[in-house]
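As structure tokens, the structure follows; a few thoughts come after it.
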Amino acid sequence: MDWSNIVSLAFSAIGCVTGCAALVQTHNANKIAEKSLGVGEEANMLSSESNGLSSDANQIGENANLIAGRSVEVTSDQRTYEWAAQFDAKTGVMAVINDCGFSASDVRVVVRMEDETIGDVHADDVAGFKQVEFELPLVCEKLREETAKRSEFVIGPVFVRLDIYVSWITNLGMHRSIHSKQGFSYTKRKKILS
């Protein structure tokens, strides 16, 4: 064997060892690459979840701003609405009057006598100092009954007690309501509801 074969054999052995080491290192690098790919995919999923949570947080913030704005409107709506009622015993018509300068929307008036609803009316809009009218024939009947029961020795007018409920929405969108107990007689008088 000559020296050139020995040198070739030595270089071949070194090349074989180097190739095996390169093969091992390539295998390790592939394993690390697979792990980093898994970590990257997990990071992408976490990033997507984070974006979703951020979107939800933004929506909650928008809702909170809307609620805060609405509460400012509510506290600034300190207008005083005044309502009055007038009953005409001749015609049996009750007028419920928006007795202030502010308009009201979605107005509902319910009149009860002795725990029975005898009138229920709705108006989309009632401008300031305008009224809602409706008939209450049962009040006229009750006035006649009470008058017939009276003896000639009793002095004073005959009254019928009514519960009047008024609900409405203010100009700024606030829901308001009042309840008042009033006595009505043959005399046509304007009664302030409070």
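Data overview
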item: Criterion violated by ALA84 - all others in (1) out of contact with any strand residue (DSSP E or B) (no Cβ under 8 Å at 6 or more places or on another chain); (2) under 28 Å from THR187 (Cβ atoms) satisfied; result: (1)
item: Filtered residues of the stretch 110-129 (kept if loosely packed, with under 13 Cβ neighbours inside 10 Å, modelled with pLDDT of 95 or more and among the charged types (D, E, K, R)); result: GLU116, ASP120, ASP124
item: Some residue of the stretch 162-184 being part of a helix (DSSP H, G or I) and out of contact with any Cys (no Cβ under 6 Å at 6 or more places or on another chain); result: no
item: Set ALA29, ALA57, ALA64: member being small (Gly, Ala, Ser), assigned to a helix (DSSP H, G or I) and modelled with pLDDT under 80; result: ALA29
item: Hits in the stretch 78-109 (condition: small (Gly, Ala, Ser), part of a strand (DSSP E or B) and either open to solvent by less than 20 Å² (accessible area, probe 1.4 Å) or within 19 Å of VAL160 (Cα to Cα) (or both)); result: ALA84, ALA85, ALA95, ALA104
item: Residue, nearest to the chain's Cα centre (by Cα), within the stretch 122-161, restricted to residues that are among the β-branched types (Val, Ile, Thr) and assigned to a strand (DSSP E or B); result: VAL126
item: Selected residue (only one of LEU162, LEU193, LEU136, LEU143 is closer than 24 Å to THR91 by Cβ and touching a Gly at 6+ places or on another chain (Cβ under 7 Å)); result: LEU136
item: Condition check for VAL72: out of contact with any Phe, Trp or Tyr (no Cβ under 7 Å at 6 or more places or on another chain), β-branched (Val, Ile, Thr) and open to solvent by 60 Å² or more (accessible area, probe 1.4 Å); result: yes
item: Residues of the stretch 137-174 satisfying the condition of being in contact with a strand residue (DSSP E or B) (Cβ under 6 Å, 6 or more places away or on another chain) and open to solvent by 80 Å² or more (accessible area, probe 1.4 Å); result: PHE159, ARG161, TYR165
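The values are calculated or read from the model by the stated rules, or taken from the named source; none is laboratory data. The structure presented is a predicted model; accordingly, all values stated were derived computationally and were not measured. Neighbour counts are summed over all protein chains in view; Cβ atoms, including those assigned to glycine, are modelled from backbone coordinates with ideal geometry. All accessible areas refer to the heavy atoms of the entire protein, side chains included, with ligands and DNA or RNA removed. Shrake-Rupley method; radii C 1.70, N 1.55, O 1.52, S 1.80 Å.
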